[in-house]
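The values are calculated or read from the model by the stated rules, or taken from the named source; none is laboratory data. None of these values were measured; they are calculated from a predicted model. Every residue, glycine among them, receives a Cβ derived from its backbone with ideal geometry; neighbour counts consider all protein chains shown. For accessibility, only protein heavy atoms count, side chains too; no ligands or nucleic acids. Shrake-Rupley method; radii C 1.70, N 1.55, O 1.52, S 1.80 Å.
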Amino acid sequence: MNDSASHLPQVFKGIALFTPGGDVVYCIDAQKQARWHLHLCAVLQELLHLVEPPHFLLPCYTATLDTWIDRRTQQLCQWAEVYPPVCKYGSLLNALFGLDEIDWQPVFQPEEFCNPLVIESYRSKFPALWESHNLVFQVVVPDSPHLAAYASSSYPPVDIAQKPSGFVFRLYIAGQDAQTAAVLGNLHQLLDQTMRSPYTLKVVDVNKHPEQAEADHISATPTLIRVWPRPTKRIVGSLNAFSNLENLAQILTQTRDS
């Protein structure tokens, strides 16, 4: 274990987000707060001057470490998992999180979660993510003296306790065919024309992920859900029913219920 590891809390959660070019932003959180993946995306946006947070990197360019004390044995336990695109960074992750040479367990998900063709389709919009900036940046948890002492980047600390910027949408479809491709193409065109803020769109096939469709109470396809910001908004059925694009934009961007 390296010398910097002595500054680490004994029990913490570590989360790392990589870029296709090999840069990494990460956090070490003794409080095990939620939403760190979204925060790290926001940090990448700021550091690399991206047009919007790169939510499409989630979850396939992430690694997660969890440490805890076993109540029965009082022994320190560790669980480390990593997605296949970033398995090659195991040694770097061990150094960042002050670990001995432990084995990071690969997480295998259905292809649509980490489809290389889908990721590659974002290259023209986010070229900086495919470049190497030799960036290793720790996001320091506010008001945490232990973690502040462990900041390992040459960049100034970033307080990222704010809500993530931009909009996140989820489109539920049933199967991949020409009609689905037309719906997706039309939706991208509509969002590009109507949105005045950055957005990220994720596609979920209900035939392959019925559990996620059930969790989001999907009863018909296509269904478009605005996941972020809250409150959640949803549009069921053809978007062509909206003859006025301004009305559609108002529904998608309204952040308070009327």
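Some observations on this one:
- Tabulated pairs, region 218-238, first over 14 Å from I173 (Cα atoms), second aromatic (F, W, Y), C-beta under 9 angstrom, 6+ apart or interchain: R226/F167; R226/F169; V227/F167; V227/F169; W228/F167; W228/F169; P229/F167
- Restricting region 95-113 to residues that are closer than 20 Å to V25 by Cα and in a loop (DSSP other than H, G, I, E, B), the residue that is modelled with the lowest pLDDT is L99.
- Here A182 clears all of (1) under 28 Å from I235 (Cα atoms); (2) surrounded by fewer than 17 Cβ atoms within 10 Å (Cβ to Cβ); (3) at pLDDT 80 or above except the condition numbered (3).
- Looking only at region 129-145, residues that are modelled with pLDDT of 75 or more and either in contact with an Asp or Glu (Cβ under 7 Å, 6 or more places away or on another chain) or surrounded by fewer than 18 Cβ atoms within 10 Å (Cβ to Cβ) (or both) come to 6 in all.
- Among (1) within 21 Å of the chain's Cα centre (by Cα); (2) of a type outside the set (S, T, Y); (3) surrounded by fewer than 18 Cβ atoms within 10 Å (Cβ to Cβ); (4) under 24 Å from L50 (Cα atoms) - the single one K208 does not satisfy: (4)
- Scanning region 1-33 for residues that are at pLDDT below 80 and of a type in the set (D, E, K, R), we see that the one that is nearest to P53 (Cα to Cα) is K32.
- Annotation note: Cβ proximity below 8 Å between a residue of region 186-213 that is over 17 Å from S121 (Cα atoms) and β-branched (V, I, T) and a residue that is open to solvent by 70 Å² or more (accessible area, probe 1.4 Å) and in a helix (DSSP H, G or I) (sequence gap 6+ or interchain) occurs for T194/E246.
- First in region 129-147 and assigned to a loop (DSSP other than H, G, I, E, B), second anywhere and at pLDDT below 90, Cβ under 6 Å, 6 or more apart: V140/L147; V140/A148; V140/A151; V140/P157; V141/D29; V141/L147; P142/D159; P142/A161
- Subset tally (residues that are closer than 20 Å to A181 by Cβ and either over 29 Å from the mean Cα position of the chain (by Cα) or at pLDDT 80 or above (or both)) for region 226-241: 3
- Cross-chain or 6+ apart pairs with Cβ under 9 Å, region 168-180 first and under 22 Å from L57 (Cβ atoms), then assigned to a strand (DSSP E or B) and hydroxyl-bearing (S, T, Y): V168/Y199; V168/T200; F169/Y199; F169/T200; R170/T223; L171/T223; Y172/T223; I173/T223
- Residue in region 70-104 that is least open to solvent (accessible area, probe 1.4 Å), counting only those that are free of Cβ contacts under 8 Å to residues at least 24 places away in the same chain and in contact with a helix residue (DSSP H, G or I) (Cβ under 9 Å, 6 or more places away or on another chain): D103
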